[in-house]
């Protein structure tokens with residue numbers, strides 16, 4: 001039995017970006033859940049210190065440590081799919097720096113001393129490129145990590161909840177970012193290693209957008225920006241919080257028959273039906289305008305030429321159950 | 001809101017909030033309304049969306065306030081707008097503080113270039129710096145600032161301090177020590193020190209360290225000045241005449257950020273004028289509850305005759321049922337947003353809250369900004 005084909009077979013590092021407010025973290029979490037099936041182990045990495053993952057999964061704030069936070073869904077009709085596991089890690093520049101010093105130079109204590117002197121301030125203030133390299137470095141390290149030398153990978157996939165669209169090009173284009181700063185030296189070497197993973201078919205950068213003008217524009221700009229970086233693989237576009245069209249285009253166009261609606265409302269046992277029918281008709285008209293706008297924006301996103309997935313608006317707020325629902329949507333649409 | 005902009009003692013309004021909540025639009029709308037109320041206004045924005053910038057006639061990032069055309073001037077006011085160019089602002093400070101030769105040396109240093117075009121902290125610092133400049137020029141009687149699109153609303157308050165602390169921090173002192181000629185640093189060169197420089201060299205490479213040292217040495221004379229400027233601007237924010245508006249979307253995350261900010265402003269004794277809850281979904285004209293609406297939709301759906309033949313009484317059932325579902329969904333969203341906003345209000349009863357309804361389209365023109373201004377004034 002072979003695994004079902006998905007649009008991103010072969011991708012081990014999924015980078016998820018999007019304009020602020022589009023639900024980037026939610027989509028990253030749903031994608032991690034979607035990837036965690038058939039015994040697969042997925043790491044979900046957060047870089048911005050907001051503890052959004054912990055909140056989504058209803059956990060205490062995550063430490064700088066990989067820990068299991070959810071079980072992926074098994075496929076019910078299959079019976080042989082045991083589900084998978086989602087681990088999460090919240091990384092920050094300070095932790096990543098100490099980690100780096102420890103891993104490559106066994107110099108954790110010097111790192112701690114430097115941190116006290118303000119090295120992290122130094123890194124994040126003067127050289128944001130440096131902290132980006134450390135953050136992406138940690139994610140790529142997890143993607144490459146093996147159980148034993150020559151053995152299997154520890155994680156089947158890594159999902160990185162990356163900075164917003166406006167910053168993601170700089171964030172990922174690590175070599176360019178540090179090259180102005182370090183022409184040679186260990187940071188440069190490290191950056192090159194990281195770049196080798198990021199600019200490879202093993203990595204895909206997915207964009208999250210809502211069907212609104214500004215997020216769509218930023219997505220299109222972001223895709224163009226990443227395409228201009230050689231080797232970078234643009235992934236899918238995930239439309240989030242889409243409001244389904246409840247009525248067909250025809251029904252919307254004609255406009256409702258008010259007396260018939262009023263009668264129908266009466267039949268349903270409601271009162272003051274004329275007034276209600278008029279209000280509902282107004283809402284239908286507004287919905288029609290909204291659907292039309294959404295369609296325009298969707299067409300623009302589709303024109304970018306990347307696979308498009310669509311997730312519905314979740315009115316009641318996001319919890320683990322809704323995350324699973326979104327994950328199932330992503331799987332059904334072939335994103336994972 | 002009108003009370004705030006009509007009060008001539010209000011000289012600075014700072015709009016802050018986390019990214020993606022419509023801060024820039026709110027700042028522009030407030031600026032426009034104030035101008036049409038007779039104030040001479042300058043709106044300082046950091047990263048406006050293209051269409052919004054066009055609406056205000058901003059075509060380039062040129063770091064100078066431009067007059068916005070099409071503002072109603074019956075009340076004698078005017079509106080200028082400018083986009084911050086952080087690198088240029090930084091360059092100007094350097095040029096203003098160092099002699100030409102030294103300035104050129106600093107501007108060419110790779111370290112300076114990285115610092116002045118980085119997004120972490122510099123943008124916030126330069127926004128503050130520009131605000132200070134505009135305020136000192138005294139050409140405007142009201143300045144509306146839109147804070148940089150940072151991850152957290154608090155970055156705006158912390159970044160200048162961080163940059164200031166960095167520029168005359170201990171690490172910089174350590175870095176500069178070896179190149180300050182003639183200084184007897186044998187005492188400093190203890191085991192701890194060499195361990196640190198060792199780690200730094202390992203981490204960054206010798207070249208970076210040398211660049212940093214050259215930069216810091218060249219910059220040395222300006223350090224005190226930087227710290228002082230950051231402090232002065234910070235004090236400006238605490239001065240009477242400055243008001244903060246926190247902008248948030250009716251989402252738990254955005255409002256959580258807003259609460260942090262409200263608490264922080266309180267700690268810093270910075271005057272909070274209110275919270276703008278932006279992009280609130282209106283509940284529609286009819287108040288039929290979501291539960292009732294849904295129940296009615298189900299009833300109707302149960303009554304829809306099977307297959308074809310639109311018998312007279314059943315006509316319009318399906319569209320009505322769909323409309324009811326639509327209404328129910330909308331009420332549910334509205335109810336949830338109100339619950340989220342209500343939680344904020346009960347935690348901070350003293351903070352005035354204004355809601356701005358979500359618009360179906362983004363703002364492209366002054367008319368759109370005017371409408372937002374009106375909804376801001378509606379209940380504030």
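The values are calculated or read from the model by the stated rules, or taken from the named source; none is laboratory data. Quick caveat: nothing in here was measured; it's all calculated off a predicted structure. We place every Cβ from the backbone using ideal geometry, glycine too, and count neighbours over all the protein chains shown.
Side notes on the structure shown:
- Count of the stretch A:89-113 residues which are within 18 Å of residue A:61 (Cβ to Cβ) and in a helix (DSSP H, G or I): 4
- The one condition in (1) within 14 Å of chain B (Cβ to nearest Cβ); (2) in contact (Cβ under 8 Å) with a residue 12 or more places away in the chain that residue A:167 fails to fulfil: (2)
- Helices (runs of 4 or more DSSP H) wholly inside the stretch B:1-117 that include at least 1 residues being modelled with pLDDT of 85 or more: B:2-6, B:23-36, B:86-97, B:100-108
- Pick from the stretch B:241-271, criterion under 15 Å from the mean Cα position of the chain (by Cα) and part of a strand (DSSP E or B), ranking: farthest from the other protein chains (Cβ to nearest Cβ): B:243
- Reported count of residues in the stretch B:326-344, each being surrounded by fewer than 16 Cβ atoms within 10 Å (Cβ to Cβ) and under 24 Å from the mean Cα position of the chain (by Cα), is 2.
- Residue A:250 meets each of the listed conditions (1) modelled with pLDDT of 90 or more; (2) surrounded by fewer than 13 Cβ atoms within 10 Å (Cβ to Cβ) apart from (1).
- The stretch A:258-307: number of residues that are outside any helix (DSSP H, G or I) and either farther than 27 Å from residue A:238 by Cα or over 29 Å from the mean Cα position of the chain (by Cα) (or both): 5
- Tally, over the stretch A:205-257, of residues that are more than 14 Å from chain B (Cβ to nearest Cβ), in contact with a helix residue (DSSP H, G or I) (Cβ under 9 Å, 6 or more places away or on another chain) and part of a loop (DSSP other than H, G, I, E, B): 5
- Matching residues, the stretch B:345-378, being away from chain A (no Cβ under 14 Å) and loosely packed, with under 14 Cβ neighbours inside 10 Å: B:346, B:347, B:349, B:350, B:367, B:374, B:378
- Residue match in the stretch B:276-290 (condition: closer than 23 Å to residue B:29 by Cα, facing another protein chain (nearest Cβ under 10 Å), assigned to a helix (DSSP H, G or I) and within 19 Å of the chain's Cα centre (by Cα)): no
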